[in-house]
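Here the structure comes first, spelled out in C-alpha cells, and everything after it is commentary.
Just so it is clear, none of the values below were taken in a lab; they were calculated from the coordinates. Given the structure is predicted, the values throughout are model-derived calculations rather than measurements. All Cβ positions, glycine included, derive from the backbone under ideal geometry; neighbour counts span all protein chains shown.
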Amino acid sequence: MNGNKCLLAIMQFLATFGRVRGVRRKQNHRIRLERIAGHMTYGYVEDQKRWTNVPFGRFTMAFSGCEIFAVYNALHYWNRQFGYRELAELIYAFEGKGAMLWGGFGTSPYALRDYFLQRDYVVKTTTSDQPKEIQKLEQENAVYILTAFNEGHNIFKQIHTVCITLEKDGWYLHNNGNKNTHGRYVATKYPSLVQAVRCMRSNSRLIYLMAIAQK
C-alpha cells in the first residue's frame, strides 16, 4: 500500500467515529437553511473563505468544507439549477457520514466516492501523480475531484479538495482561493487536466483524484 492509500485509509477511519450526531446536527441544519442563501450565486462556489457563519459539525464551512464544496460544484456542472437547499442537504448528509473528527479535518475522500457510487455515477480513481495515470482518467462529460497536500507531502500544512471541470475553453479548477483584479474569487483555467492537478498550489502533491461521470 502506497503512502497516499495509507493516508486515505486513516482518513476513512477518522470518519467512522467523527460523525456529527443528534441535536447539533439538527441545529446546524436549521442554521444553514437560514444562512446559505445569502452566500449563493447559483454558480460554482469559489469563495469558501467567506463561509464563516455556516456551520459544519463543530466547525464552519470556511474552515473545513472544501470536500463538500467540491461535490456541490461537481453536481452543479450537470445541473445548473442546483441551489442552496441542495447544498444544505449535502452538508447534512456528510455530517452524518464522512465528517472526520466532527468536521475538524473535513470529509473523507472515500465518503465522496461512495456518495457518487451510491447514486449510480461511474467513478474512476488514482493515487498516482504521474501524468500518464492522470491522463487515463480523462473522458468526455466527466468532472474531477482532487484531494492534495497544500505543500509537498507535509500533512501539517493541511490538505485541500477542489473540483475540476472541462469547459469549452479549458480546464477549470474551482474554489482554490484565487481572486481576479476586482477582488472576486474565481476559478483558474489550465490547458490540461495534468496541469490543473499539479498546479493547485505551487508545491502541492496529489493524494487522490476521482473522475466522475454520469451513466
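Structure summary
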{"item": "FRET efficiency estimate (nearest 0.05) - Cβ-Cβ, THR181 to ALA93, R0 30 angstrom", "result": "0.20"}
{"item": "Inter-site label distance for ARG119 and LYS189 at 7 Å from Cα along Cβ, in nm", "result": "2.8 nm"}
{"item": "Nearest-0.05 FRET efficiency for GLN158 and HIS39, computed from C-beta distance (R0 25 Å)", "result": "0.65"}
{"item": "Placed amide H near PHE56: partners under 5 Å, 5+ positions off or other chain", "result": "MET61"}
{"item": "Label-point gap, in nm, between SER128 and ILE31 - each point 7 angstrom along Cα→Cβ", "result": "4.4 nm"}
{"item": "Computed [θ] at 222 nm, helices only, for the chain once each DSSP H run of length n ≥ 4 contributes -39500 (n - 2.57)", "result": "-10500 deg cm²/dmol"}
{"item": "Rg and Dmax of the chain, Cα atoms only, in Å", "result": "16.1, 47"}
{"item": "Euclidean distance between Cα centres, the stretch 135-159 to the stretch 62-124, Å", "result": "15 Å"}
{"item": "Largest-first principal axis extents, alpha carbons of the stretch 1-71, Å", "result": "44, 30, 16"}
